[in-house]
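The structure appears right after this line, and notes come after that.
The values are calculated or read from the model by the stated rules, or taken from the named source; none is laboratory data. Predicted model only: the values in this text are computed from it and were never measured. Using ideal geometry, Cβ is built from the backbone for each residue, glycine included, and neighbour counts are taken over all protein chains shown. Only protein heavy atoms, including side chains, enter the accessible area calculation; ligands, DNA and RNA are left aside. Shrake-Rupley method; radii C 1.70, N 1.55, O 1.52, S 1.80 Å.
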Amino acid sequence: MRSHLRVGVLALQGDVREHAGVLTALGAEAIPVRRPEQLAGLDALVLPGGESSVIDKLSRIFGLREPIRAAIATGLPVYGTCAGLILLADEVEGAITGQRTFGGIDVTVARNAFGGQVESFETRLVVEGIEGEVEATFIRAPLITRVGDRAKAIATLPGGGVVGVAQGSLLGTSFHPEMNGEVRLHERLLELARARV
Ligand code: GLN
């Protein structure tokens with residue numbers, strides 16, 4: 001077994017560097033992924049925040065869409081934050097015309113669900129399986145409006161809105177833990193990867 005895990009960060013657009021920083025701090029090798037060949041030999045993949053419609057479009061232009069869907073289908077552990085969660089969702093509300101997702105998590109997400117004056121905010125919330133609270137930054141974030149039978153809510157806002165979900169080796173959060181030095185969700189991704197290696 002290798003001494004460290006190789007974790008890709010989809011690097012088409014969005015906050016790639018912040019995720020790479022967290023992964024490196026956890027002792028993993030962070031690999032920016034821009035071409036299909038770079039998916040080979042990964043132990044896990046992060047889909048960063050950014051603009052889901054742009055990442056979707058670029059993933060098709062760069063020939064990454066089908067290889068990523070295949071990787072998800074074969075059980076590669078994948079963690080999506082914000083736009084990354086949207087890309088992992090089976091259904092999206094508020095998508096632009098022609099916008100698609102990779103899918104994999106049996107949820108519906110509503111894009112930009114915290115519109116108006118609270119588009120961006122920080123809060124602390126409880127995440128299942130993580131001790132204490134998680135410092136969470138929401139930036140034009142999606143809300144999980146339906147959790148299907150195969151998925152499980154792992155984080156909920158005080159008002160009841162679902163903002164974190166897990167299904168098999170897939171994890172998604174509406175918020176950005178990587179912006180607050182919070183490493184425990186990435187640690188969970190690495191645990192899923194170790195369980196598979
Ligand atoms: N609003 C963005 C989208 O719909 C997501 C924002 C983010 O990733 N911080 O893709």
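GLY94 fulfils the conditions (1) more than 13 Å from the ligand (Cβ to nearest atom); (2) open to solvent by 30 Å² or more (accessible area, probe 1.4 Å) except for a single criterion, (1).
Can you spot a residue in the range 59-71 that is on the phi < 0 side of the Ramachandran plot, in contact (Cβ under 8 Å) with a residue 40 or more places away in the chain and within 12 Å of the chain's Cα centre (by Cα)? No, the conditions are met nowhere in the range 59-71.
Give me the residue from the range 67-85 that is among the small types (Gly, Ala, Ser) and either open to solvent by 10 Å² or more (accessible area, probe 1.4 Å) or outside any strand (DSSP E or B) (or both) and, out of that set, farthest from SER52 (Cα to Cα). My answer is GLY75.
To keep it simple, each residue is scored yes or no on (1) farther than 21 Å from SER169 by Cα; (2) touching a strand residue (DSSP E or B) at 6+ places or on another chain (Cβ under 6 Å); (3) open to solvent by 60 Å² or more (accessible area, probe 1.4 Å).
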residue	(1), (2), (3)
ASP15	yes, no, no
VAL22	no, no, no
ASP43	no, yes, no
VAL46	no, yes, no
GLY50	yes, no, no
PHE62	yes, no, yes
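Residue check: THR123 meets all listed conditions (1) at negative phi; (2) open to solvent by less than 40 Å² (accessible area, probe 1.4 Å); (3) in contact with a helix residue (DSSP H, G or I) (Cβ under 6 Å, 6 or more places away or on another chain) but one, namely (3). Take the range 168-181 and flag every residue that is at pLDDT 95 or above and either surrounded by fewer than 19 Cβ atoms within 10 Å (Cβ to Cβ) or among the acidic types (Asp, Glu) (or both). Listed by number, the list holds a single entry, GLY168. Report yes if ALA136 is crowded, with 23+ Cβ neighbours inside 10 Å and assigned to a loop (DSSP other than H, G, I, E, B), otherwise no. Answer is no for this residue. Every condition in (1) more than 14 Å from the ligand (Cβ to nearest atom); (2) surrounded by fewer than 22 Cβ atoms within 10 Å (Cβ to Cβ); (3) at pLDDT 95 or above is met by GLN117 except one, and the failing one is (3). One residue stands out among those in the range 139-154 that are within 16 Å of the ligand (Cβ to nearest atom) and aliphatic (A, V, I, L, M): the one that is most open to solvent (accessible area, probe 1.4 Å), which is ILE139. Report yes if some residue within the range 65-80 is acidic (Asp, Glu) and within 22 Å of GLN167 (Cα to Cα); otherwise report no. Yes, some residue in the range 65-80 is acidic (Asp, Glu) and within 22 Å of GLN167 (Cα to Cα).
Among the residues of the range 188-197, those identified as out of contact with any strand residue (DSSP E or B) (no Cβ under 6 Å at 6 or more places or on another chain) and either hydrophobic (A, V, I, L, M, F, W, C) or surrounded by fewer than 16 Cβ atoms within 10 Å (Cβ to Cβ) (or both) are LEU190, GLU191, LEU192, ARG194, ALA195, ARG196, VAL197.
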